[in-house]
Amino acid sequence: MTTALFSIAGAVALLAAVMVVTSRRIVHAALWLVVALGAVAGCFGALHAEFVALVQILVYVGAIVVLVLFALMLTKAPTNPLPALTTRRSPFAAVVALVLALILGSGVVLAFGNEKLKPVPDGSAEAVGTAVFRTWVLPFEVLSVLLLAALIGAIVLSQRTGKKGD
Amino acid sequence: MPLIIPLLLAVALFCIGVYGVLARRNAITMLMSFELMLNAVNLNLIAFDAWHVDGLATGQTLAVFVITIAAAEIGLGLAIVLLLFRGHGHVDADAARDLLEQERGAEQ
């Protein structure tokens, strides 16, 4: 049951990911990204990581893709198909990706080819929250400082510095 | 369920992301490919967490942390992309060669 659910979600994620990197319309690529991220959230759910699946949907689909769509709007992205969206070196890129997939895939198969996993329901918000605030408190605080720094950096970058020499 | 299925899915997603970063020209589509790669990492973390249940929810906690870092990264990345658009009028990553020209000028 878990395997079937995971396989369906994984197949959807793969198809949508391929569409994200090959679609000739930028807005369509961004919308396929929603499908890919949602399908990966489904994979998380199939592995009994319900809280991470919900965070994935909230943060990725709810915030990041909306941010990407806003950026597309602000950069006047055309909605018609653009053949020039992919560079001429895309065959080389495909070769690099295939070789990397072969190396990583063979390594993973050699290392974990016979292992089985049995997902147990331990991915509730209570379990993850307890782990975050009991074991992982220091990384959590460091991460909040990092997020604040990124926020300030984004504000500073997007400020209009009209005056020269400022 | 064999552990190899999520791991191979993560490998495939990561390599699709690598292809996207290398082959795309628009900076925003490159950022979308970054997100695919980060998702592959998250899938690995969740799969290993389900395989090796340690009672600390290590993999899931780290996945939540990676999602947070992805949010910070996309915020900064899109701010830089908007800055590029404001200065150059395009978001073509191949045509943004300001640093390259400076380097060539310094050599001469």
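Please treat every number below as a calculation from the coordinates, not as lab data. The structure presented is a predicted model; accordingly, all values stated were derived computationally and were not measured. No Cβ is skipped: glycine too gets one built from the backbone with ideal geometry, and neighbour counts run over all protein chains shown.
Would you tell me the mean number of C-beta atoms belonging to other protein chains that fall within 10 Å of each C-beta in A:89-97, as a whole number? Please list the in-between numbers first.
Working: counts 4, 6, 1, 2, 7, 5, 2, 6, 11.
Average neighbour count from other chains, rounded to a whole number: 5.
Pick out, from A:159, A:17, A:74, the residue whose Cα sits farthest towards the positive end of the charge dipole of the protein assembly as shown, with +1 on the Cβ of Lys and Arg and -1 on the Cβ of Asp and Glu.
Projecting each Cα onto the dipole axis, the largest value belongs to A:74.
Let me check I've understood the local charge: for residue A:51, count other residues with C-beta under 12 angstrom from its C-beta, Lys and Arg +1, Asp and Glu -1. What total comes out? Write down the numbers at each step before the final one.
On the way: positive: none; negative: A:50, A:122, A:126, B:49.
That sum, taken over residues with Cβ under 12 Å, equals -4.
What 222 nm value per residue comes from the helices of chain B, counting each DSSP H run with n ≥ 4 as -39,500 (n - 2.57) and dividing by all residues, nearest 500 deg cm²/dmol? Don't skip to the end; give the middle numbers.
Details: 4 runs with 86 residues, N = 108.
The helix contribution divided over chain B gives -27500 deg cm²/dmol.
Name the helices (complete DSSP H segments) of chain B with a Cα length along the long axis of 30 Å or more and a Kyte-Doolittle mean of at least 1.0, or state none.
Values: long enough: B:27-51 (36 Å, 1.23); B:58-88 (44 Å, 1.60).
Result, helices passing both filters: B:27-51, B:58-88.
Looking only at A:45, A:62, A:123, which one moves most when chain A is put into a Gaussian network model with springs between Cα atoms under 10 Å?
A:62
With a cut-off of 8 Å between alpha carbons and a minimum separation of six or more residues, what is the relative contact order of chain A in percent? Don't skip to the end; give the middle numbers.
Numbers: 107 pairs, mean separation 36.8, N = 166.
Across chain A, relative contact order equals 22 percent.
Work out which helices of chain A, taken as complete DSSP H runs, extend at least 24 Å along their axis over the Cα atoms and score a mean Kyte-Doolittle of 0.5 or more, then list them.
Values: long enough: A:2-22 (30 Å, 2.14); A:26-46 (30 Å, 2.07); A:90-112 (32 Å, 2.40); A:137-158 (32 Å, 2.43).
Answer set is A:2-22, A:26-46, A:90-112, A:137-158.
How shielded is A:44-51 by partner chains, expressed as the average number of their Cβ atoms within 10 Å of its Cβ atoms? Spell out each step's value before the answer.
Values: counts 10, 1, 4, 10, 5, 12, 1, 5.
Whole-number average of other-chain Cβ neighbours for A:44-51 is 6.
Remind me, relative contact order of chain B in percent, using alpha carbon pairs under 8 angstrom and six or more residues apart? Spell out each step's value before the answer.
Working: 83 pairs, mean separation 28.1, N = 108.
Relative contact order of chain B: 26 percent.
Taking the Cβ-Cβ separation of residue A:125 and residue A:100 as r and a Förster radius of 51 Å, what is the calculated FRET efficiency to the nearest 0.05? Could you put the intermediate results ahead of the total?
Values: r = 36 Å, r/R0 = 0.70.
Computed FRET efficiency for residue A:125 and residue A:100 comes out at 0.90.
Pulled fully out, how much extra length does the chain show between residue A:11 and residue A:134, if you take 0.36 nm times their separation in residues and subtract their Cα-Cα distance?
Numbers: separation 123, 0.36 × 123 = 44.28 nm, distance 3.63 nm.
So the chain would gain 40.6 nm between residue A:11 and residue A:134.
What's the exposure ranking of A:43, B:15, going from fewest to most Cβ atoms within 10 Å? Don't jump to the answer; show the numbers that get you there.
Numbers: A:43 29, B:15 25.
So the residues, fewest neighbours to most, are B:15, A:43.
Averaged over peptide B:87-100, how many Cβ atoms belonging to another chain are found within 10 Å of each residue's Cβ? The partial results should precede the final answer.
Working: counts 0, 0, 2, 2, 7, 3, 1, 4, 0, 0, 0, 0, 0, 0.
Counting other chains' Cβ atoms within 10 Å and averaging over B:87-100 gives 1.
Going by C-beta contacts inside 10 Å, put B:92, B:49, A:122 in order with the fewest on the left.
Ascending Cβ contact count within 10 Å gives the list B:92, A:122, B:49.
Using alpha carbons only, how many angstrom separate the centre of the stretch A:91-110 from the centre of the stretch A:1-75?
If we compute the Cα centre of each part, the gap is 22 Å.
Which of A:44, A:70, A:51, A:140 comes first, and how do the rest follow, when ranked by fewest Cβ neighbours within 10 Å?
Working: A:44 30, A:70 12, A:51 20, A:140 15.
Ordered by Cβ neighbours within 10 Å, fewest first: A:70, A:140, A:51, A:44.
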